[in-house]
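The values are calculated or read from the model by the stated rules, or taken from the named source; none is laboratory data. This is a predicted model, so every value here is computed, not measured. All Cβ positions, even for glycine, are placed from backbone atoms using ideal geometry, and neighbour counts span all protein chains on display. For the accessible areas, the whole protein counts, side chains as well, though only heavy atoms, and no ligand, DNA or RNA atoms are used. Shrake-Rupley method; radii C 1.70, N 1.55, O 1.52, S 1.80 Å.
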Amino acid sequence: MDLAYYPGCTLKTRAKNFETSALAAMSALGINLVELPRWNCCGTVYSLAEDDLIHHVAAVRNLIRVKEQGKNKVVTLCAFCYNTLKRANLVMKDSPDKRYAINIFMDEEPDYYGEVETAHLLQVLRDDVGWEKIAGRVKHPLKDLKIVGYYGCTLLRPQSVAIDSVERPTILQDLLKALGGTAVDFPFATECCGAFQIVNNRDIITERTAAILGSAAKSGAEALAVSCPLCEYNLRQTQSSTKQPQSGVPVMPALYFTQLMALAFGLDLAVCGFEENSPETRAWLKNKGLIS
Amino acid sequence: MTTNVTREKKIKMIPIFVMGKRYEVPETLTIMKAMEYAGFKFIRGCGCRGGICGACATVYRKAGDYKLYSGLACQTVVEPNMYLTQIPFYPANRAVFDFSKIKPEPEEIFKLYPEIFRCVACNSCTKVCPMDVEVMDMIAQLKRGDIAKAAEMSFSCIQCGLCASRCMGELPQYHIAQLARRIYGSLIALRAKHLQEAMQAIVSGRYEECLRTLMNTPDADLRKIYQEREMEPEMTGEDWTPKDKKCL
Ligand code: FES
């Protein structure tokens, strides 16, 4: 099966391992993620100002590109892109005035009415593939791995775009179980990592990620499964900046859920790109007997 | 007087508005020639007159149409009731850098032009480009780190600056694209092997003797040699070589 795929800029620069592992894992499940031949940055953050329509243009343009391909569904991996595209689509679907203004501004493009469905890859795995089929594809179960699913914000908030229960999501844990791992619940699963504050207020990130990592460790987890390149970056960056022994922040790999899929499916390790994760990641995987 | 009358009969005159003032000009002229016909003298805003230097960017509107059009004055033929002005120069931030220290990585471009992330994909740059460069898509390629693709997409850019004049994110797209092409051309593109071999042949003195002989040949003999030289046939394969291979 072919699915139209929107990568977003970060998966082409700072999170290549997310993309390579996802493409390989999905093709192992018989799904080709076909990158849109033409796309632009999604706009990164959904603009909350009621009258700030210009910042939806980038997202809407991408949805028009999907339509141009004769498709009515597009899949994203980056949780941020997912959120931005999905919310811009809701504007085009539900707000006739805003839709009119955006369509008339983009007079070089065909009119758009919100007809493209934006899906996150986790939804495709749950709803189109199914946990059983995924479990059936596992060659090396992730047994003895205690992992928390860390969602962050953008997969679940606001409710109108949530891929799962806003309060008690299970989609990441369900995937981890299908891969043969032990999914550990922890109270910080949907806490914010601090997001873009990393640019000008590192202390906020240190504080947030220390709390997240601390809580995960207390719950008995050894690693985090993530879907957002910004969460991954923040978790990785502050682990290295708070590594002083007095800080007491546990060092814990944050892995993209697709890397865990590729591992469990027994795919070529090159697609996982573990060298781009935190430096401790490989040692930990080796220790666990998952890589040699 | 009579000559004017005959000429007006032959060539239709049409009204155009240059910076708001009406002029009657022959309908067959380019914007540049029409402006000269109307009495303007170009000391800027004109260079090659051949559509490749980018000096003569012009924006115009047509009566009753909200669209902004653009063109090169030396290439675009006038239309009746065209409202136009030339934009010979548009101020745009150009980063200063030491190219010998530049690495073929997108971060180099992001560092020199952080405003690239102010692009909101409004596409105004693409719409105004007189060379039909997909400017917005080219910037999108750079944001995702594909310098080679951006260099290829901006290949026909003639640096007229109209993109920057329309950009709500205040990006200097044409300078950014030039940096991408420079990085691509010197640090990413594959080197042509035959060029390196030819350069080596020159440096090693391979042609020294041939050239010296020519330089020492009297004028009259040179003419004779020139006239009697073996010509490459008009239809021939690319592997054609002359019979005399002494100076190859
Ligand atoms: S004068 Fe050079 S492009 Fe028109």
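Let me check the size of chain A from its C-alpha atoms; what are the radius of gyration and Dmax in Å?
Cα-based Rg and Dmax for chain A come out at 19.0, 59 Å.
Of B:Arg182, B:Arg44, which has the most accessible area with a 1.4 Å probe, and how do the rest follow in descending order?
B:Arg44, B:Arg182
Expressed as a rounded percentage, what relative contact order does segment B:11-86 have, with Cα pairs under 8 Å and six or more residues apart?
Computed value for segment B:11-86: 39 percent relative contact order.
Would you tell me the mean number of C-beta atoms belonging to other protein chains that fall within 10 Å of each C-beta in B:115-121, as a whole number?
For peptide B:115-121, the averaged partner shielding equals 5.
Please state, as a whole number in µm²/s, the translational diffusion coefficient that the Stokes-Einstein equation yields for chain B at 37 °C and 0.692 mPa s, with Rh defined as the Kirkwood radius across alpha carbon pairs.
In µm²/s, the coefficient rounds to 146.
Starting at the first residue of segment A:40-57, write each ³J(HN,Hα) from the Karplus equation 6.51 cos²θ - 1.76 cosθ + 1.60 with θ = phi - 60°, in whole Hz, x for Gly and Pro.
10, 3, 6, x, 6, 10, 5, 6, 8, 5, 3, 9, 8, 6, 4, 7, 9, 4
Which order do peptides B:135-145, A:194-204 fall in by mean Cβ count within 10 Å, highest first?
Descending packing order for the listed peptides: B:135-145, A:194-204.
Taking the radius of gyration and the Kirkwood hydrodynamic radius from Cα positions alone, what is the Rg/Rh ratio for segment A:131-287, to two decimal places?
Reported Rg/Rh, Kirkwood definition of Rh: 0.95.
From the residues A:Ala217, A:Leu269, A:Leu230, which one has its Cα farthest along the dipole of segment A:132-271 in the positive direction, the dipole being from +1 and -1 charges on Cβ of Lys/Arg and Asp/Glu about the Cα centre?
The residue sitting farthest along the positive end of the dipole is A:Leu269.
Over segment B:201-242, with a single point scatterer placed on each C-alpha, what log10 of the ratio I(q)/I(0) does the Debye formula yield at q = 0.14, 0.24, 0.27, 0.29 1/Å?
-0.51, -0.90, -0.91, -0.93
Give, in nm to one decimal, the length gained when the segment between B:Met19 and B:Cys53 is fully stretched (0.36 nm per residue of separation minus the Cα-Cα distance).
Taking 0.36 nm per residue and subtracting the Cα distance, the gain is 10.0 nm.
Could you estimate the translational diffusion coefficient of segment B:1-142 from the Stokes-Einstein equation, with Rh from the Kirkwood formula over C-alpha pairs, at 25 °C and 0.890 mPa s, in whole µm²/s?
D, rounded to a whole number, is 138 µm²/s.
Given N residues in segment B:17-62, what is Rg(Cα) / (2.2 N^0.38 Å)?
Segment B:17-62 yields a ratio of 1.15.
Taking Cα centroids, how far is segment B:70-124 from segment A:1-61 in Å?
Segment B:70-124 and segment A:1-61 have Cα centres spaced 26 Å from each other.
Between their Cα atoms, which of A:Lys177/A:Lys218; A:Lys12/A:Lys133; A:Lys12/B:Lys193; B:Lys41/B:Lys62 are more than 26 Å away from each other?
Over 26 Å Cα-Cα: A:Lys12/A:Lys133; A:Lys12/B:Lys193.
Normalised by the empirical 2.2 N^0.38 Å for globular proteins, what value does the Cα Rg of segment B:99-188 take?
0.97
Report, as an integer, the average count of C-beta atoms from other chains found within 10 Å of each Cβ along B:135-142.
The mean count of partner-chain Cβ atoms within 10 Å per residue comes to 3.
Greater than 32 Å separation of Cα atoms is the criterion. Which listed pairs, A:Lys73/B:Lys143; A:Lys73/A:Lys146; A:Lys67/B:Lys127; B:Lys101/B:Lys245; A:Lys71/B:Lys149, meet it?
A:Lys73/A:Lys146; B:Lys101/B:Lys245
Among B:Ala164, B:Gly205, B:Ala150, whose Cα sits farthest toward the positive end of the charge dipole of chain B (+1 at Cβ of Lys/Arg, -1 at Cβ of Asp/Glu, about the Cα centre)?
B:Ala164
Counting Lys and Arg as +1 and Asp and Glu as -1, each charge on the Cβ, what is the dipole of chain A about the Cα centre in debye, to the nearest 20?
860
Of the heavy-atom accessible surface of chain A (probe 1.4 angstrom), what whole percent is carbon and sulfur?
Taking all protein chains in place, chain A shows 50 percent carbon and sulfur surface.
222 nm [θ] for chain A, helices only, -39500 (n - 2.57) per DSSP H run of 4+, per residue, to 500?
-12000 deg cm²/dmol
Report the accessible area of B:His194, computed with a 1.4 Å probe over the heavy atoms of all protein chains in place, in Å² rounded to the nearest 10.
Surface open to solvent at B:His194 totals about 130 Å².
Skip the ligands, DNA and RNA, and give the accessible area per residue of chain B with a 1.4 Å probe, whole Å².
Heavy-atom SASA per residue in chain B reads 63 Å².
How would you rank B:62-68, A:75-81, highest first, on the average number of other Cβ atoms within 10 Å across their residues?
A:75-81, B:62-68
Cα extents of the protein assembly as shown along the three principal axes, largest first, in whole Å?
In descending order, the Cα extents are 97, 69, 47 Å.
So if I place +1 on the C-beta of Lys and Arg and -1 on the C-beta of Asp and Glu, and nothing else carries charge, what would the dipole magnitude of segment B:201-242 be about its Cα centre? I want it in debye, nearest 20.
260
So, with +1 on the Cβ of K and R and -1 on the Cβ of D and E, and no other charges, what is the size of the charge dipole of segment B:99-188 about its Cα centre, to the nearest 20 debye?
Roughly 160 debye for segment B:99-188.
Hey, can you grab everything whose amide H is under 5 Å from the amide H of A:Glu35? Only 5+ residues off in sequence or another chain; H modelled, so Pro and N-termini drop out.
Long-range HN contacts for A:Glu35: A:Tyr5.
For segment A:121-134, what does the Karplus curve 6.51 cos²θ - 1.76 cosθ + 1.60, with θ = phi - 60°, yield as ³J(HN,Hα) per residue in whole Hz, taken in order and with x for Gly and Pro?
Calculated HN-Hα couplings, in order: 4, 4, 5, 4, 5, 6, 8, 9, 8, x, 4, 5, 5, 5 Hz.
Return the residues of segment A:91-133 for which accessible area with all protein chains present is lower than in the chain on its own by 50 Å² or more; set the probe to 1.4 Å and exclude ligands, DNA and RNA.
SASA drop of 50 Å² or more in segment A:91-133: A:Asp107.
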